[in-house]
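S.K.: Below you'll find the structure I mean.
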Amino acid sequence: MLHARSPRNAIRLVIPAMLMVLLGACQSTEPIRTDVAFETSPWQFGRTTGTRIETEHYEIFTTLEDRVLIEALPGFVEGCYQHYRSLVPPVRQPAARMQVYLFATRGQWEAFTRQFTGPRAATFLKVRNGGYSEQGVSVIEYVAHQVTFPLFAHEGFHQYLHHHVSSEVPAWLNEGLAVECEGQRWGLKGLKEFDAWYNPARRNALSAALVSDRLHTLPKLLRTHAGRVIDGSSQSVATYYAQLWALVLFLREGEGGRYRPGFERLLTELGQPGIEQRITVDPEVVRAGPGWLGEALFRHYISDDLPRVEAEYVAFMRARFLGGR
């Protein structure tokens, strides 16, 4: 690892509120967390002196220098943790706090990534706007408030699943829920709420894909591994994530909520041992190749009639994002 801890001179602090407008559109609700206890101490990254932050569930290492930003992080990560638990119930508790590295520059992020991921670094360095979760650790490059905090929540969800649920969650579900976590409403007092529908970047990408008729098919979405998507064009990558976001919204709200009970049952049972053995799998699904579990879970919990679901899903996207066109 690249970090080295200095002697512990931690100061116990409490955040009364986060004092920034980071993302647009405010509502009247209160922040998710108002008083979050945390400790800080110096942390050395190469020649840069950064900050180590310890909260109830997280250990954050950052080279950011902005004190307002630094003191906003504990409330944000603990608010995310609360939200993750509401999406997928935890089935185990990790022995240690979850680790997050937040770097102030692309160069720092790349240097850490090369050492941390070793032979796989070339793949991670392709990630746009610098963010990934690997071996249960989240590694984020700070870009701008409106980019970094949604990205932080996205990667943090992957990390939560790894430590609290399972490291073998199908990509369509893992990424779809992670993109859903990007939707955030902020106000003068900090993070107010998570709003799954508030995601301008994903909405724009999905609308463009619908207009140009270049959607990924439902079977492809259910089988594709996110790692393979990175190697595609930026347009294809954006469409993939936007469609998974829309798929999660559809499973909750589409067709009058027809698929919501099965979807919620899937989320509840996701981390329980032996889920693969409890579902009935068509041999043809397995023989179709890699990614079979993602499709098998969808068929078991949601519907076995993929053509029908796909038609409803596309109609849902056109109605919600193109006004029915």
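The values are calculated or read from the model by the stated rules, or taken from the named source; none is laboratory data. Treat the numbers as computed from the prediction; the structure is a model and nothing was measured. Here the Cβ is made from the backbone with ideal geometry for all residues, glycine too, and neighbour counts use every protein chain on show.
S.K.: Please find, within the range 137-168, the residue that is nearest to Arg85 (Cα to Cα) out of those that are at pLDDT below 95 and small (Gly, Ala, Ser).
M.R.: Among residues in the range 137-168 that are at pLDDT below 95 and small (Gly, Ala, Ser), the one nearest to Arg85 (Cα to Cα) is Ser166.
S.K.: Turning to a different aspect of this structure: Can you find a residue in the range 129-139 that is in the same structural domain as Cys80 (by TED's automatic domain parsing) and out of contact with any helix residue (DSSP H, G or I) (no Cβ under 9 Å at 6 or more places or on another chain)?
M.R.: Checking the range 129-139: not a single residue is in the same structural domain as Cys80 (by TED's automatic domain parsing) and out of contact with any helix residue (DSSP H, G or I) (no Cβ under 9 Å at 6 or more places or on another chain).
S.K.: In the range 59-77, is there at least one residue being among the hydroxyl-bearing types (Ser, Thr, Tyr), out of contact with any Leu (no Cβ under 7 Å at 6 or more places or on another chain), surrounded by fewer than 19 Cβ atoms within 10 Å (Cβ to Cβ) and touching a residue at least 24 places away in the same chain (Cβ under 8 Å)?
M.R.: No, the range 59-77 contains no residue that is among the hydroxyl-bearing types (Ser, Thr, Tyr), out of contact with any Leu (no Cβ under 7 Å at 6 or more places or on another chain), surrounded by fewer than 19 Cβ atoms within 10 Å (Cβ to Cβ) and touching a residue at least 24 places away in the same chain (Cβ under 8 Å).
S.K.: Looking only at residues in the range 171-185 that are buried (at least 23 other Cβ atoms within 10 Å of the Cβ) and over 8 Å from the mean Cα position of the chain (by Cα), which one is farthest from Arg85 (Cα to Cα)?
M.R.: Once the filter is applied, the top-ranked residue is Trp172.
S.K.: Run down Phe116, Phe112, Phe124 and say which single residue is assigned by TED's automatic domain parsing to the domain that holds Cys80, touching a helix residue (DSSP H, G or I) at 6+ places or on another chain (Cβ under 8 Å) and aromatic (Phe, Trp, Tyr).
M.R.: Being assigned by TED's automatic domain parsing to the domain that holds Cys80, touching a helix residue (DSSP H, G or I) at 6+ places or on another chain (Cβ under 8 Å) and aromatic (Phe, Trp, Tyr) holds for just one of Phe116, Phe112, Phe124, which is Phe124.
S.K.: Sticking with this one: For Gln184, which of the numbered conditions (1) touching a residue at least 60 places away in the same chain (Cβ under 8 Å); (2) in contact with a Ser or Thr (Cβ under 9 Å, 6 or more places away or on another chain) fails to hold?
M.R.: Here Gln184 meets the rest and fails (2).
S.K.: What are the residues in the range 31-49 that are in contact (Cβ under 8 Å) with a residue 24 or more places away in the chain and not hydrophobic (A, V, I, L, M, F, W, C), if any?
M.R.: Pro31, Arg33, Thr34, Glu39, Thr40, Ser41, Pro42, Gln44, Gly46, Thr48
S.K.: Within the range 73-95, which residues are over 18 Å from Ile53 (Cα atoms) and in a helix (DSSP H, G or I)?
M.R.: Scanning the range 73-95 gives Gln82, His83, Tyr84, Arg85, Ser86, Leu87.
S.K.: Between residues in the range 131-156 that are within 12 Å of Ala178 (Cα to Cα) and residues that are part of a strand (DSSP E or B) and polar (S, T, N, Q), which pairs lie under 6 Å by C-beta distance while being six or more apart or on different chains?
M.R.: Listed pairs, sorted by first residue: Glu155/Ser133; Glu155/Ser138; Gly156/Ser138.
S.K.: Something else now. Where the second residue is among the small types (Gly, Ala, Ser) and the first is part of a loop (DSSP other than H, G, I, E, B) and lies in the range 294-308, which pairs have Cβ atoms under 7 Å and are six or more apart or on separate chains?
M.R.: Cβ pairs passing all conditions: Ile302/Gly262.
S.K.: Turning to a different aspect of this structure: For residues that are surrounded by 15 or more Cβ atoms within 10 Å (Cβ to Cβ), more than 15 Å from His57 (Cα to Cα) and at pLDDT below 95, tally how many sit in the range 30-45.
M.R.: Total meeting the criteria: 3.
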